[in-house]
Structures are given as structure tokens and as C-alpha cells.
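These notes are about the structure you will find just below.
The values are calculated or read from the model by the stated rules, or taken from the named source; none is laboratory data. Note that the coordinates shown come from a computational prediction; the quantities given were computed from them, not determined experimentally. Note that we place each Cβ from the backbone using ideal geometry, even for glycine, and neighbour counts take in every protein chain shown.
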Amino acid sequence: MQVSTGHSDLTQNKKFIAVICGLKSEADAVVRAVGKSGIEIGVSGANASRAEELARVACHNGVAAIISVGVSGGLDPALKPGDLVIGEEVIGDDGGRYESDRYLISAVAKETAAAHAITGVLFGADEIIETASKKATLFANHEAIAVDMESHGAARAAAEAGIPFLAIRAIADPADRVLPPAALNAVAPDGSTRTMATLAAALRDPKQFPMLLKLGADSGAALKTLRRDLGPLFRRFFLSLDF
């Protein structure tokens, strides 16, 4: 297993699943849940273009499937932090629509039911969706239930190469959550968290601290869901892809 922030590190295996994450914390959750065998992880830094590049390299190297994994923002008001979401389709900011592989969805149906996962449309945003009103607009206009910033990039590369794709997300910030300004530049290009910069921004406006603490707790709930539920899902992937 390799964790990559650039195209050169996704190396060729005889058979592997490429897991595209936005954050290093998400990649760590994958490793803790799935282990290291049979997967290659790329970390995009919550950037769709980098996610697309990582996925293209994986396609070139003979990947069996591409799975986008991470936390996301809720658009459906019924979703709460920690809920597991399976994307049956991803809509990109550019209007592109990318269907997930029906065989992969069917392969994990029993496990998703056991995990009480919600299946629906995801929206792939090129910019942070930081307000409740923006989330409500996406929900109303696209009927998307959750939003993230890299699934559409990975899905686009998979679609062009004819490679099976699926997105698995866990809800961090719910539909009514406004992201504090200090959190809007918290992700570094390598997928790490700019902790000191985020704290410094919050110190200039201490009213943000309660919101940051709540966001941190809810992100923790989303990562806990991934650590709990990804193992059974990936075991089904491996079986369905004849690993």
C-alpha cells in the first residue's frame, strides 16, 4: 500500500483497487479498516483535478476499480454526522454526471444495509460549500444528498477509462451547518490539516471556537464510521472482483 499526493507514487500492481481520498486522515481510516493488501491510496488534498490525475494514473496501471472515500457535507437535512452514504451517481460542478458501477453497488448491498447506509446522488464541488443556503440550493436543484470536493474528479477519470467506480462518504457537517471562516483554508495540498494556521485564524475571532469544536467532533464521528464500515465493504469488493 502506498499513500500518494502526486501521480508518480501510484505504482503498478498485478491487481489492485485505487482508493482516492481528499485528506490524510481519511487515508488513515482506510488503512485501519481495510489493511494494506490489494489497495493503493492516493490523497488529493480535497482537489478534484488532483483526484482525477491520481485516478488516471491508476487506470493506466491496470486498476480493477476506483473507490472515492472520505467525509462529506450533508445536503439532505435528514442526514446527521456519522451517517454513511453510498453515491449511486456523482454530479460535477461542470454539469457532468457519472454513474457508479451497479455491480459494485450490488456487491455491497448486504453490508450497506447492515450499516444503515443511505444511497443517493452526490454533488462534486470545486469550491467549499460553506453555508446552509448553498447546501439547500444544491439539494433543491440537483436532489444530491451530500457534497464533497474530489469524487467527481475520480469519477470522470474512471468513466473515460471504462473502469468501475464507486463513492463512499461519511457525513461530517450536516445541511444546517455553517462552516466557520477559520476552517475554510484548513486543508493543505498534501491532504494534511493546517492546524496552527486554523487556530491562529480562530484566535483573531474567538467566537469561531465553538463552531470549530463542533466541526471537529462531527468530523471525528464521520471518520469513526469509515473505520467501522469500510472493512466489510472492501471484503465484498475483493470477492466481487475476484481478488
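Listed values, structure above:
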read-out	value
Hits in segment 48-80 - residues which are out of contact with any Pro (no Cβ under 7 Å at 6 or more places or on another chain), within 25 Å of ALA132 (Cβ to Cβ) and touching a residue at least 60 places away in the same chain (Cβ under 8 Å)	ALA48, SER68, GLY70, VAL71, SER72, GLY73, LEU75, ASP76, PRO77
Members of segment 39-60 that are closer than 16 Å to LYS15 by Cα and among the aliphatic types (A, V, I, L, M)	ILE39, ILE41, ALA55, VAL57, ALA58
In segment 96-107, the residues that are surrounded by 14 or more Cβ atoms within 10 Å (Cβ to Cβ) and either modelled with pLDDT under 95 or over 18 Å from the mean Cα position of the chain (by Cα) (or both)	ALA107
Qualifying residue in segment 211-233 (condition: touching a residue at least 12 places away in the same chain (Cβ under 8 Å), part of a loop (DSSP other than H, G, I, E, B), closer than 26 Å to ALA136 by Cβ and of a type in the set (D, E, K, R))	no
Residue, surrounded by the fewest Cβ atoms within 10 Å (Cβ to Cβ), within segment 139-191, restricted to residues that are β-branched (Val, Ile, Thr) and either free of Cβ contacts under 8 Å to residues at least 12 places away in the same chain or part of a loop (DSSP other than H, G, I, E, B) (or both)	VAL178
